[in-house]
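Data block below; observations after.
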Amino acid sequence: MSDLVLGISAYYHDSAAALVCDGRPVAAAQEERFTRRRHDSAFPAHAVAYTLGEVGATLADVSAIAYYEDPALKFRRVLATYLGAAPFGLASFRDTLPDWWTSKRRVVDVIGHELAGLDLGRVPEISHRRHHESHAASAFFVSPYESAAVLCIDGVGEWATTTIWHGQGTRLKPLVEIRFPHSLGLLYSAFTYFCGFKVDSGEYKLMGLAPYGEPRYADLIRERLIDIKEDGSFRLNMRYFEYLRGQVMTGRGFEKLFGGPRREPEAELTRREFDLAASVQLVTEEAVLKLARTARKLTGESRLCLAGGVALNCVANGKIIADSIFDEVWVQPAAGDAGGALGAALAVAMDRGAGRAHVGTGRDAMSGALLGPAYSDDQIAAYLTAGGIPYRRLEPAALAAEVAKAIAAGKVVGWFQGRMEFGPRALGARSILGDARDPQTQSVMNLKIKFRESFRPFAPSVLADDAKDFFDLPQDSPYMLVVAPVAEAARRTGVADSGLTGVDLLKVPRSVIPAVTHVDYSARVQTVRHRDNPAYHQLLLALKEETGSSVVVNTSFNVRGEPIVNKPHEAYTCFMRTNIDLLALGGFLLRKSDQPEWKEELDWRTEVPLD
Amino acid sequence: MSKFLLTIAYGLLVVPAGLVTRVLRDPMHRSWSRRRKSYWQNSAG
């Protein structure tokens, strides 16, 4: 009889549920994909129902339920923070204590009630794991490695903000930690906030902004904001941060240090924001590299697993790999709090005697991160027919060939195939694709399809076997969590920026794949193998046949502020609202020019909040 | 819990307790030490 463990993360951001069967993930999804509220923090009722339904189980079939953090310990940290901030934390105390007093400290009971309300059978025992243990478990137990160093870096869970673990077989041993309020994740979030982006959401924008700037504030950050020791351990100077008091990340101290008030959201980006982004990115990379070296020293391992929100900083991940601190690095694709649901379930499963059957195969146990819902061609056909939506049905090879031809001709394609990705990245299941060779693709996709800021670069997918022709990437990057330099051979010679500055730099074609080459010649690469995503692999093969290059622009299937699409009708709506030319919806190909006129009573762009 | 009661509780309980606690030992460990070689703490597990 299979042993099912359900993991849940909730009530902070990115709620999720994950189901593990005999130690292997079989289904996982973020709640936002069902409720259509980005970073939804509510109890993941839809995600729980989906994961159980995926394997035809009810709660009665589940052996144990694991919550991803320790609410009592977290409450003690919150109380200590009130004491540490007094007498300046009244607003935070008044805003947050009632929730903690009534529900958050008893979150395990709350989850029991919520699960009972789903009417999916008897609720089994619910336990909790610590926040960083959940991260560490999500990174190590599904990694391909028999043993490894594990480094977790995030904002904060209970107390720990940075931890190093030693993973061996089915055991994880905690070694050392840095505790709140000293947090690399919160340092990065403070700059995210100061540069006018949303905390817990806009950090990847700050990372994308960094290459436009010069790190002229890096010394100031090192001198005033963070004391980083040679072993990577650090402390922040809390006189410059406001988050102990609860309401905002930064205040007057930060403003004095960096020459004025924070940038208002959506205001024009200036040289200061570019340089602040470059500076905090540089300091973060320095700290992460030192942390990685310490992880190696403490464990003696030659392989590293990464998780926690800071592990989504793919530039820093790329630096770890480029520095050859470890022979191999594996990053959990759902490295943020959503992945905590999976980690908590895995930790409990291992305690219950599960094994790691995938170790020794050279593969991880994440199934390409394709752990979300799939919709059969019958379901899609029923939707299309009911809506009177024109389509053509094609065999997989013909579909790949036709889509490849369209991309080669400069068309933008919505690609909706198979199971949805778990984690923040679109990996070729819910993706919008475009021609990486065309210098216009970047601006067309940013402004006419994604409706997002023009400074943001796009990322490439490439056949794993072709990656070395385009990128200096010494290992696979199946989850698009590693930034690597574009290979010299793929760069254009004689590129002149002609006095351009800021976001205009992105308009200069710097390589044979300009749509995915950032201004510093870097790219956030996804390498694709057949075993991880056969349909996407087939498409890239067809593209290579068509153009000689298997590199494609791959961005998430959504518009700015909206969660990635989950269901066929969401994909069709996004297709019709934007300038996407074709939609490959399972085995069906839809052309924009064949579609009936799209009508909506309200302007949908006013309904989707900006991220 | 009303905002008024919370404000009273903050003023009468949290502020004095916080100030006393910080005199004895800062729960946030805010001080920097240039002489210290490391800020790591052992994980209790």
- request: Give me the net charge of A:Val608's neighbourhood, meaning all other residues with Cβ under 11 Å from the Cβ of A:Val608; Lys, Arg count +1, Asp, Glu -1.
  value: +2
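So which of A:Lys198/A:Lys468; A:Lys205/A:Lys405; A:Lys173/A:Lys229; A:Lys319/A:Lys567; A:Lys319/B:Lys37; A:Lys173/A:Lys290 end up more than 29 Å apart by C-alpha? Please list the in-between numbers first.
Values: A:Lys198/A:Lys468 35 Å; A:Lys205/A:Lys405 32 Å; A:Lys173/A:Lys229 23 Å; A:Lys319/A:Lys567 36 Å; A:Lys319/B:Lys37 24 Å; A:Lys173/A:Lys290 20 Å.
The answer is A:Lys198/A:Lys468; A:Lys205/A:Lys405; A:Lys319/A:Lys567.
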field: Long-range amide H partners of A:Ser522 with built H, under 5 Å
entry: A:Val486
Sequence-separation-based contact order of region A:1-51, relative, with Cα cut under 8 Å and 6+ spacing, percent: 35
message: Quick check on region A:505-611: what does the Kirkwood estimate of hydrodynamic radius come out to from the alpha carbon pairs, in Å?
response: 16.6
- prompt: Expressed as a whole percent, how much of the Cα-Cα distance distribution for region A:358-491 exceeds 22 Å?
  reply: 52
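What is region A:1-64 by shape, rounded, prolate or oblate, if you read a ≥ b ≥ c off the alpha carbon gyration tensor as root eigenvalues and call it rounded for a/c under 1.5, prolate for a/b larger than b/c, and oblate otherwise? Spell out each step's value before the answer.
Values: a/c = 2.41, a/b = 2.08, b/c = 1.16.
Verdict is prolate for region A:1-64.
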query: Cα centroid distance between region A:424-503 and region A:325-376, in Å?
result: 27
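Over chain A, what is the relative contact order in whole percent, taking alpha-carbon pairs under 8 Å and six or more residues apart? Don't skip to the end; give the middle numbers.
Numbers: 1358 pairs, mean separation 96.9, N = 611.
Computed over chain A, the figure is 16 percent.
Take each of the peptides A:90-99, A:429-438, average the number of other beta-carbon atoms within 10 Å over its residues, and list them starting from the highest. The partial results should precede the final answer.
Details: A:90-99: 17.0, A:429-438: 26.1.
Going by the mean number of other Cβ atoms within 10 Å, highest first, we get A:429-438, A:90-99.
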- prompt: Relative contact order (percent) for region A:189-310, with alpha-carbon contacts under 8 angstrom and 6 or more residues of separation?
  reply: 36
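Across the residues of B:32-40, average count of Cβ atoms on other protein chains within 10 Å? Spell out each step's value before the answer.
On the way: counts 6, 3, 2, 0, 4, 4, 8, 13, 14.
Averaged over the peptide's residues, the number is 6.
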message: Need one value for A:222-232: mean number of C-beta atoms belonging to other chains within 10 Å of its residues' C-beta atoms.
response: 2
task: Please report, largest first and rounded to whole Å, the three semi-axes of the ellipsoid equivalent to region A:174-217, where each semi-axis is the square root of five times an eigenvalue of the C-alpha gyration tensor.
output: 23, 13, 10
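So how do A:238-247, B:20-29, A:367-376, A:557-566 stack up, highest first, on mean other-Cβ count within 10 Å?
Numbers: A:238-247: 18.7, B:20-29: 13.5, A:367-376: 20.4, A:557-566: 22.5.
Going by the mean number of other Cβ atoms within 10 Å, highest first, we get A:557-566, A:367-376, A:238-247, B:20-29.
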Partners for A:Lys74 among aspartates and glutamates (Cα-Cα distance below 12 Å; same-chain residues under 8 apart left out): A:Glu158
task: Just tell me which aspartates and glutamates come within less than 14 Å, Cα to Cα, of A:Lys544; anything on the same chain fewer than 8 places away is out.
output: A:Glu402, A:Asp435, A:Asp465, A:Asp466, A:Asp469
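Note down the Stokes-Einstein diffusion coefficient of chain A in µm²/s, whole number, using a Kirkwood radius over alpha carbon pairs, 20 °C, and 1.002 mPa s.
On the way: Rh = 24.6 Å.
Taking Rh from Cα pairs, D becomes 87 µm²/s.
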message: Applying a 10 Å radius around every beta-carbon, put A:446-457, A:173-184, A:294-305 in order of their mean neighbour count, most first.
response: A:173-184, A:294-305, A:446-457
query: Could you state the number of Å between the C-alpha centres of region A:535-563 and region A:66-84?
result: 43
query: Between region A:125-151 and region A:12-34, what is the C-alpha centre distance in whole Å?
result: 15
task: Can you tell me the 0 to 90 degree angle between the C-alpha axis of helix B:15-24 and the longest principal axis of chain B, rounded to 10?
output: 20
query: What average number of partner chain Cβ atoms lie no more than 10 Å from the Cβ of the residues making up B:12-19?
result: 5
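Read-outs: derived from the displayed coordinates by stated rules, not from any lab. Note that this is a predicted model, so its numbers are computed, not measured. Counting neighbours? That spans all protein chains shown, and the Cβs are built from the backbone with ideal geometry, glycine included.
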